[in-house]
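Notes follow once the structure below has been shown.
The values are calculated or read from the model by the stated rules, or taken from the named source; none is laboratory data. Note that the structure is predicted; figures quoted are calculated from it, not measured. Here the Cβ is made from the backbone with ideal geometry for all residues, glycine too, and neighbour counts use every protein chain on show.
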Amino acid sequence: MNRIYFDYNATAPLRPVAREAMLRALDAGNASSVHAEGRAARALIESARVAVAGALGVKPDHVLFVSGATEAAATALRPGEGDRLLIGAGEHICVKAGHSFPAENVATIRLDSQGRLDLDDLRGRLAQAPGQRPVLALQAVNNETGVIQPFVEAAALVHTAGGVMVYDAVQGFARIPCAFAVTGADVLFLSSHKLGGPKGAGALVYARRDLAPKAAYIRGGGQERGLRGGTENVAAIAGFAAALVEAEASREAEAARLAEIRDFLQAGVLEIAPEAAIFGREAPRVANSLAFALPDLAAETLVAAFDVEGVALSSGSACSSGKVAPSHVLAAMGVSPDLARAALRISLGWGSTREEGVRFLEILAKVRERMRRRLKS
């Protein structure tokens, strides 16, 4: 029987439309060359730029292609004179560790018990340094819990204080509306492989040209209007754009379809294990994510047991799930270390089905019973 892949928040399987776009682009020339092969490569890149810009409601020259969210965050989160960085306590590690602000100019904003940014704490932090320009880095959607952050309200507060909103749309794009006109963002970044595109591609996008970097983060040739050196990965960019267009076009239908599967799974988990904790249950969540814990059963043991049974899921962020320490996201929500160590994450996507959900619940019941027997013996 086919394996069940429930780890789309880590990476989504490559969409067929992205694979086809990549195959067509693999023989493209160097986009900096002026001959016909080079012009063909340039046309593919610029077509992709138009697609990304159109999905977000900006001009194409506001789109900078990068290798992914980590590079995008490192490029965007560089201090200007007088800047102060504010980071939500549940932000992805590429934001928490990837910026270049000095420690004394960085402050962390609390989360509430459901994993949402504490807006009162944000107000207080904004009032603490009236002479500095605040830069808030905030996720659209938390990668571990699926909780949707109050980004519109947060952006309004930051703008009132004369600041800049940097919006991590990696887990939000194609799951909730992410266009600049909707979010209030000033700077936004995306990652291709979360959408069903190839790994190694992404975009850093600006609401206005004056928000673009003043100098390249990766220096080299004059690629990307002098803002990102290095020969462009034409095939990856083409695959990224193809996945993005398909994902955004099906956003509303997919949200309804995946919400039905997610709710079915949540109800099934609670029926099998009434003691289970559902993280962010009372907060708005995207339709594809379910984070839960089975108390007293270690997540790393459960993940391995599910893998043997043919199920791929995770115990949190793919960038940190191999670590012994519990999730910083759950810690910020006030979850006890013992319960956090039992946390599992199911994340669904374009290939997920209800039939897989039925099989997963059967496997869950079997794995839970087996592990509980071992604990008693």
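Under 7 Å by Cβ, and 6 or more places apart or on different chains, what pairs join a residue from the stretch 219-248 that is among the aromatic types (F, W, Y) with one that is assigned to a helix (DSSP H, G or I) and at pLDDT 95 or above?
F240/A48; F240/S192
Within the stretch 60-70, is there a residue that is within 23 Å of R175 (Cβ to Cβ) and among the polar types (S, T, N, Q)?
Scanning the stretch 60-70 turns up at least one residue that is within 23 Å of R175 (Cβ to Cβ) and among the polar types (S, T, N, Q).
Residue under question is L302, and the condition is that it be assigned to a helix (DSSP H, G or I), closer than 25 Å to D263 by Cα, modelled with pLDDT of 95 or more and outside the structural domain of C94 (by TED's automatic domain parsing); does it hold?
Yes; evaluated as a whole, the condition is true for this residue.
Answer yes if at least one residue in the stretch 77-93 is assigned to a helix (DSSP H, G or I), surrounded by 15 or more Cβ atoms within 10 Å (Cβ to Cβ) and on the phi < 0 side of the Ramachandran plot, and no otherwise. Outline the logic, then answer.
In the first step, residues of the stretch 77-93 are kept if they are assigned to a helix (DSSP H, G or I); the result is 93.
Checking the rest, the ones that are also surrounded by 15 or more Cβ atoms within 10 Å (Cβ to Cβ) come to none.
No.
Considering E232, E254, which residue is more than 22 Å from the chain's Cα centre (by Cα) and modelled with pLDDT of 95 or more? Full working, then the answer.
Working: E254 fails: more than 22 Å from the chain's Cα centre (by Cα).
Just one listed residue meets the conditions, E232.
Name the residue that is farthest from the chain's Cα centre (by Cα), counting only residues in the stretch 12-27 that are part of a loop (DSSP other than H, G, I, E, B) and surrounded by fewer than 20 Cβ atoms within 10 Å (Cβ to Cβ).
Per the stated criteria, the residue is D27.
Is it the case that R359 is of a type in the set (D, E, K, R), buried (at least 21 other Cβ atoms within 10 Å of the Cβ), modelled with pLDDT of 95 or more and not assigned by TED's automatic domain parsing to the domain that holds L244?
For R359, the condition - of a type in the set (D, E, K, R), buried (at least 21 other Cβ atoms within 10 Å of the Cβ), modelled with pLDDT of 95 or more and not assigned by TED's automatic domain parsing to the domain that holds L244 - is not met.
Taking the condition of being at positive phi and surrounded by fewer than 24 Cβ atoms within 10 Å (Cβ to Cβ), how many residues in the stretch 157-176 meet it?
Looking only at that region, the number is 1.
For residues in the stretch 311-356 being within 18 Å of A276 (Cβ to Cβ), of a type in the set (S, T, N, Q) and crowded, with 17+ Cβ neighbours inside 10 Å, which is modelled with the highest pLDDT?
So, considering only residues that are within 18 Å of A276 (Cβ to Cβ), of a type in the set (S, T, N, Q) and crowded, with 17+ Cβ neighbours inside 10 Å, the one modelled with the highest pLDDT is S347.
Pick from the stretch 334-345 the residues that are small (G, A, S) and not in a helix (DSSP H, G or I): which of them is nearest to R262 (Cα to Cα)?
At the first step, the residues of the stretch 334-345 found to be small (G, A, S) are 334, 336, 340, 342-343.
When the remaining residues are screened for being not in a helix (DSSP H, G or I), the result is 334, 336, 342-343.
Working: G334: 24, S336: 25, A342: 19, A343: 16 Å.
Filtering first and then ranking leaves A343.
If you take the residues in the stretch 258-289 that are in contact with a Gly (Cβ under 7 Å, 6 or more places away or on another chain) and assigned to a helix (DSSP H, G or I), which one is surrounded by the fewest Cβ atoms within 10 Å (Cβ to Cβ)?
F264
Taking the options G80, G115, name whichever one is of a type outside the set (F, W, Y) and in contact with a Gly (Cβ under 7 Å, 6 or more places away or on another chain).
None of the others qualify; the one that does is G115.
Where residues in the stretch 349-359 are part of a helix (DSSP H, G or I) and out of contact with any helix residue (DSSP H, G or I) (no Cβ under 7 Å at 6 or more places or on another chain), which of them is nearest to E309 (Cα to Cα)?
Looking at the filtered set, the residue picked out is R359.
Give the residues of the stretch 217-257 that are over 18 Å from A51 (Cα atoms) and not in a helix (DSSP H, G or I), sorted by residue number.
Y217, I218, R219, G220, G221, G222, Q223, L227, R228, G229, G230, T231
Looking at the stretch 346-373, which of its residues are among the charged types (D, E, K, R), touching a residue at least 12 places away in the same chain (Cβ under 8 Å) and under 14 Å from D263 (Cα atoms)?
The answer is R354, E356.
Could you please find all residues in the stretch 26-41 being without any contact (Cβ under 8 Å) to a residue 24 or more places away in the chain and touching a helix residue (DSSP H, G or I) at 6+ places or on another chain (Cβ under 7 Å)? Full working, then the answer.
Within the stretch 26-41, the subset without any contact (Cβ under 8 Å) to a residue 24 or more places away in the chain is 27, 29, 33-40.
Once the filter is applied, which keeps residues that are without any contact (Cβ under 8 Å) to a residue 24 or more places away in the chain and touching a helix residue (DSSP H, G or I) at 6+ places or on another chain (Cβ under 7 Å), the stretch 26-41 yields only G29.
Every residue in the stretch 153-176 that is part of a strand (DSSP E or B) and free of Cβ contacts under 8 Å to residues at least 40 places away in the same chain, please. Give the steps one after another, and end with the answer.
Restricting attention to the stretch 153-176, the residues satisfying the condition of being part of a strand (DSSP E or B) are 164-168, 173, 176.
Hits for the stretch 153-176 are M165, Y167.
Which residues, counting only those in the stretch 31-46, are buried (at least 16 other Cβ atoms within 10 Å of the Cβ) and out of contact with any Lys or Arg (no Cβ under 7 Å at 6 or more places or on another chain)? Walk me through how you get there before you give the answer.
At the first step, the residues of the stretch 31-46 found to be buried (at least 16 other Cβ atoms within 10 Å of the Cβ) are 31, 40-42, 44-45.
Residues satisfying the conditions are A40, A41, R42, L44, I45.
Taking the criterion of being basic (K, R) and part of a loop (DSSP other than H, G, I, E, B), would at least one residue in the stretch 189-203 satisfy it?
yes
Do you know which of the residues in the stretch 177-188 that are assigned to a loop (DSSP other than H, G, I, E, B) and of a type in the set (A, V, I, L, M, F, W, C) is surrounded by the fewest Cβ atoms within 10 Å (Cβ to Cβ)?
A179
Within the set of pairs 6+ apart or on separate chains, which have a first residue in the stretch 181-208 that is without any contact (Cβ under 8 Å) to a residue 60 or more places away in the chain, a second that is β-branched (V, I, T), and C-beta atoms under 6 Å apart?
The qualifying pairs are G184/V152; D186/V164.
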